[in-house]
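Inspection log for the structure reproduced underneath, given as structure tokens.
Rule-based calculations on the coordinates, nothing more; no lab input. Remember, it's a predicted structure, so these values are computed and weren't measured experimentally. Positions of Cβ are backbone-derived with ideal geometry, glycine not excepted, and every protein chain shown enters the neighbour counts.
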Amino acid sequence: MHRRSGTALLAIVTVALAACGNSPASPDASNADLVSPSPPGASVEAEPSSTLRPVPTPDPSSAIITCTKRLKIGLVTESGTLDDHGYNQSAHDGVQHAMAQAPSCFAFDSVESEAPADYAKNVSRFTEDGYDAVIGVGSEAGVTFGQTAVLADALGDASKLHSDVRFIAVDASPDIGHDEAWDSNGESLFFAEDEAGYLAGVLAASMSKADHIGVVGGLLVVPPVERFVEGYVNGARSVNPDIDVDIVYATSFIDPPQGRSAAEKMIDNGADVIFGAGGLTGNGALEAACKHKGVYAIGVDTDQSLTLPDASTCMLSSAVKHIDRAVSAALLRIAKDKFTPGFHTDDASTGGIGLAPFHDHDADVPATVRDRLAQTVAGLADGTIKTRVTVDGRTPNP
């Protein structure tokens, strides 16, 4: 079967490429993305959205979808809560968005997983209760003494037993041995990390006063990490071909001290913007940036100003994946009987990636930089800008 390159490996070796921080933070009224507009003529499936609470008002430019039967939708979180300001919350927002656009189509329930050991049980709760679709959030792998417990695998196993149920995996897919039915009744929602990284690189190069920036990624053998890192490098060099870019691929996703050490060395060498794209290890790099006056941090996956309080003071933005939009679109496809099993990747052309708000640093970003970012996302969306990222398992020439 067709498989997104490296997905099985990603599920096995990562803890998460998400922000990995569930610390509470105050919602920001400006939580709409800065540079991720919908493409011209886009339907509600690519509609821009901010944090979707309370239930959003349907887009008046799009017809309300009506159904003769309500579909029962179940959402299983990765370890954590629905209000984590991360993957779980974004997926929940997407469900609410779909319910607002198709109010007669869905009945919804959710269960919060306390640990990876809960995944199979929580998925079964919905399949055994006759739910029509089950959503599992995130690519988290709980690695404990050599054992793994992956939510996507639980979805894949359930898909083999329940051919009449639709399964949606957010940023993940079942590993080999769990995926035999996935092309029939499972859908994996993925995102163009190279484009998100490219935008982060454009921002970093535009804001660097030293013409020297850095990036701490996770394991090089994980393709999404390489896409983020190389996209960042190429985006920065599209602004300044001579910019110095320090690159470190970590040996673990769960080693914040390693990330802090790598970032400290970059800053000592003159870097003044640090991009962290390596789970908890990347978070360590972001936190290190905030210990230095005049150094910016750029987060990954979700708006890390909300999920990583220890780095919020210097967090310029984050390279985000629009999980809410992807989940909403997937549910609306089911409502319209257009479910598309297999693999679906959202990018700039669908509004699937972008940059988070600048929050406290909004006044720091000149209009010229904002214009450049807007032009970049438009170019990525219409194909006139290419990220030129190749996943080859090699560190780009610094």
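Averaging the Cα positions of each part gives two centres, and for the stretch 103-132 and the stretch 181-226 these lie 30 Å apart.
One Cα centroid belongs to the stretch 326-344, the other to the stretch 283-311; the line between them spans 34 Å. Would you mind classifying the stretch 206-325 by shape? Square roots of the alpha carbon gyration tensor eigenvalues, ordered a ≥ b ≥ c; an a/c under 1.5 is rounded, otherwise it is prolate if a/b is larger than b/c and oblate if not. Rounded shape, in that the Cα axes give a/c under 1.5. Given +1 at the Cβ of Lys and Arg, -1 at the Cβ of Asp and Glu and no other charges, the dipole of the stretch 113-263 around its Cα centre is 400 debye to the nearest 20. Local charge for VAL248 was computed over the other residues whose Cβ lies under 15 Å away, with Lys and Arg +1 and Asp and Glu -1, and equals -4. Between PHE343, ALA356, CYS314, the Cα set farthest toward the positive side of the dipole of the stretch 273-398 (charges on each charged residue's Cβ, about the Cα centre) is that of PHE343. Using the Karplus relation 6.51 cos²θ - 1.76 cosθ + 1.60 with θ = phi - 60°, the per-residue 3J(HN,Hα) values for the stretch 199-206 come to 4, 4, x, 4, 5, 4, 5, 6 Hz, with x marking Gly and Pro. From most to least packed by mean Cβ count within 10 Å, the peptides 351-362, 177-188, 306-317 give 306-317, 351-362, 177-188. Against the compact-protein benchmark of 2.2 N^0.38 Å, the Cα-based radius of gyration of the stretch 267-398 scales to 1.22. A simple charge model with +1 on the Cβ of Lys and Arg, -1 on the Cβ of Asp and Glu and nothing else charged puts the dipole of the stretch 293-369 at about 340 debye relative to its Cα centre. When the alpha carbon coordinates of the stretch 180-239 are projected onto the principal axes, the ranges are 52, 19, 12 Å, largest first.
Comparing ALA277, LEU331, THR395 along the charge dipole axis of the stretch 276-398, the residue lying farthest to the positive side is THR395, per the Cβ-charge model. Pairs from the list LYS69/LYS321; LYS293/LYS321; LYS69/LYS338; LYS72/LYS338 with a Cα-Cα gap above 21 Å: LYS69/LYS321; LYS293/LYS321.
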